[in-house]
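Enquirer: First the structure, which I've put down as structure tokens, then a few questions once you've had a look.
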Amino acid sequence: MPNTVSGPPTNENLNAYLEQFYQRERTRQTQFPEALPADAQPFDLLVINICSLAWSDLDAANLANSPLWSRFDMVFSNFNSATSYSGPASIRLLRASCGQTSHHDLYQTSGQKCYLFDDLARLGFGSQLAMDHTGEFGNYIKDLRKDAGLQAPLMSQAGLGHNLTSFDGSPIYNDGQLFTRWLENQQKAGSDRTATFFNLVPLHDGNRFVGTNKPADYRTRAETLFTPVECFYGSTREVWPQSDAGGGARARRSVSRR
């Protein structure tokens, strides 16, 4: 359905254009197969949702050419999350089986047809949730349960260290240790297919290093985050290398959505 609104950018025209966009998006839904082929190679799917990561900030911090980005098969350089803060951004990702909605409608019942991790579960992917924060601020984790359909238990944070404190005074756990724990859990469990949603918040405004009251520099926090992300990516490829022959090796694909 093409957009038929034209004319000068008045409030009326802009609102009409936006409403036509929403009407078009309401018709969109990803059709997943009923089952995977019998010979489908097992793999794990990770959605690593990094809050407050933006090209403009990376440019200002001289990190737009970080070696991390060369790790990925695809990088979207002209990408807009269509949202302004963490909660709705995560809900949009986890409702990726349907088209975009207004901010208001994110917090209305959508039904399971829009829940990405429910679709993946029907294909045999066990759902997992890991975060480097408590998830209590702004009812973040409650909103994931209620409005994004993610019911997986939060991976244990017991014993994880932290050198960053959130703007609300709660700990931001060490991401390197978080990734290591996830990887160790995967190796112990031996599951064929899992889908894990990671939410990482070191880049939030107002975060500070332990022992200081001054907000930490964006570049320093970004480098503190990017290093374990890059190491984690390398570790997964070493543990489960890709196999051209498909002879029992675990398949891995990496897509950066920023």
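Enquirer: One residue is enough: does segment 206-225 have a residue meeting the conditions part of a strand (DSSP E or B), touching a residue at least 60 places away in the same chain (Cβ under 8 Å) and crowded, with 18+ Cβ neighbours inside 10 Å?
Expert: Scanning segment 206-225, I find no residue that is part of a strand (DSSP E or B), touching a residue at least 60 places away in the same chain (Cβ under 8 Å) and crowded, with 18+ Cβ neighbours inside 10 Å, so the answer is no.
Enquirer: Then there's this: With respect to the numbered conditions (1) touching a residue at least 12 places away in the same chain (Cβ under 8 Å); (2) more than 29 Å from Leu225 (Cβ to Cβ), which one is the sole condition not fulfilled by Ala61?
Expert: The failed condition is (2).
Enquirer: Which ones in segment 153-181 are in a loop (DSSP other than H, G, I, E, B) and touching a Gly at 6+ places or on another chain (Cβ under 8 Å)?
Expert: Selection gives Ser166, Phe167, Tyr173, Asn174.
Enquirer: Testing Lys113 on (1) under 20 Å from Val201 (Cα atoms); (2) touching a strand residue (DSSP E or B) at 6+ places or on another chain (Cβ under 9 Å); (3) modelled with pLDDT under 95, one condition comes back false. Which one is that?
Expert: (1)
The rows are residues; the columns are (1) of a type outside the set (Gly, Ala, Ser); (2) part of a strand (DSSP E or B); (3) out of contact with any Cys (no Cβ under 7 Å at 6 or more places or on another chain); (4) at pLDDT 95 or above.
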position	(1), (2), (3), (4)
Glu34	yes, no, yes, no
Gln41	yes, no, yes, no
Leu46	yes, yes, yes, yes
Ser52	no, no, yes, no
Asp57	yes, no, yes, no
Ala64	no, no, yes, no
Ser70	no, no, yes, no
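Enquirer: Looking only at segment 76-90, how many residues end up being at pLDDT below 90 and either in a loop (DSSP other than H, G, I, E, B) or among the hydrophobic types (A, V, I, L, M, F, W, C) (or both)?
Expert: Number of matching residues: 10.
Enquirer: What do you reckon, is Asn13 of a type in the set (S, T, N, Q) and in contact (Cβ under 8 Å) with a residue 40 or more places away in the chain?
Expert: no
Enquirer: Checking the condition of a type in the set (Phe, Trp, Tyr), over 16 Å from the mean Cα position of the chain (by Cα), surrounded by fewer than 17 Cβ atoms within 10 Å (Cβ to Cβ) and under 20 Å from Phe197 (Cα atoms), which residue from Tyr85, Tyr107 passes?
Expert: From the options Tyr85, Tyr107, the qualifying one is Tyr107.
The values are calculated or read from the model by the stated rules, or taken from the named source; none is laboratory data. Being a predicted model, the structure only gives us computed values, none of them experimental. Ideal geometry is used to build each Cβ from the backbone, glycine not excepted, and the neighbour counts take in all protein chains shown.
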